[in-house]
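Please read the structure below before turning to the comments.
The values are calculated or read from the model by the stated rules, or taken from the named source; none is laboratory data. Values in this document were obtained by computation on a predicted structure and should not be read as measured data. Don't worry about glycine lacking a Cβ; one is built from the backbone with ideal geometry, like all the others, and counts go over all protein chains shown. Each accessible area value is taken on the protein alone, full model and side chains, heavy atoms only, with ligands, DNA and RNA left out. Shrake-Rupley method; radii C 1.70, N 1.55, O 1.52, S 1.80 Å.
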Amino acid sequence: QGYDSWAAANAPTTGSDPSADEDRDGVLNGIEFVVGGTISTNDFGRLPTISQDGTNMIFRFERAQQSIDPLTVATIEVGTDLATWPEVYPVPGEATVGPPVTVQKDTSPGFDTVSLSLPMAPDFRKFARLRVEVGE
């Protein structure tokens, strides 16, 4: 189980490098592992989405439950430009109700829904990204 098992099936030539893109679909191996991607599908549509709900920014993605292990750390990073990411929010493995990170378990078979809700104020704009680190 875990990243190594996923990589053996889905990234046979680049699996040792979570920052590689085995199937060249624009989604890095480590991210594909967390969002439930496979080598046989274009996983760009599985990437997190950002929307605005009233005065809040909402960052949301589906997490594959198989990616929950002590060696895989998923965090959501937020900043007001694309160069610095000063705010870091860990994604817990268990169900939790924000603020600011909410994890809803079993929203579809084998997946949880993860969302981050932050007020836009006082910033004019916010950016967010999913960061995945896979340990050995």
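Some values worked out for this structure:
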quantity	calculated
Full-stretch length increase - ALA9, GLN52 - with 0.36 nm per residue and alpha-carbon distance subtracted	11.8 nm
Separation in nanometres of the label points that stand 7 Å from Cα toward Cβ, at THR107 and ALA20	3.1
Local electrostatic count at VAL34 - Lys and Arg +1, Asp and Glu -1, tallied over other residues with Cβ under 13 Å	-2
Carbon plus sulfur fraction of accessible area for the chain, probe 1.4 Å, in percent	54
Calculated [θ] (222 nm, deg cm²/dmol) that DSSP helices of n ≥ 4 give over the chain, each run adding -39,500 (n - 2.57)	-3000 deg cm²/dmol
Accessible area of TRP85 in the full protein assembly, 1.4 Å probe (Å², nearest 10)	50
FRET efficiency for ARG125 and ASN42, using Cβ-Cβ distance with R0 set to 30 Å, rounded to 0.05	0.60
15 Å beta-carbon shell around THR107, net charge (K/R +1, D/E -1)	0
Accessible area per residue in Å² at 1.4 Å probe, computed on region 60-102	53
Most mobile listed residue (PHE61, PHE33, PHE124) in the chain, GNM with C-alpha springs under 10 Å	PHE124
Within region 102-120: backbone nitrogen closer than 18 Å to the ALA95 label point (7 Å, Cα to C-beta)	102-116
Highest-fluctuation residue, GLU62, GLU77, GLU94 considered, GNM on the chain with Cα pairs under 10 Å	GLU94
Cα shape, region 62-136, gyration tensor, a/c 1.5 rule	oblate
Choice from ASP43, ASP53, ASP112 showing the highest fluctuation, given a GNM over the chain with Cα pairs closer than 10 Å	ASP53
Low-density loop cleavage sites - trypsin sites (Lys or Arg not before Pro) in region 1-99, where at most 13 other Cβ are within 10 Å (DSSP)	ARG24
Local net charge near ASP23, Cβ-Cβ under 15 Å (Lys/Arg +1, Asp/Glu -1)	-4
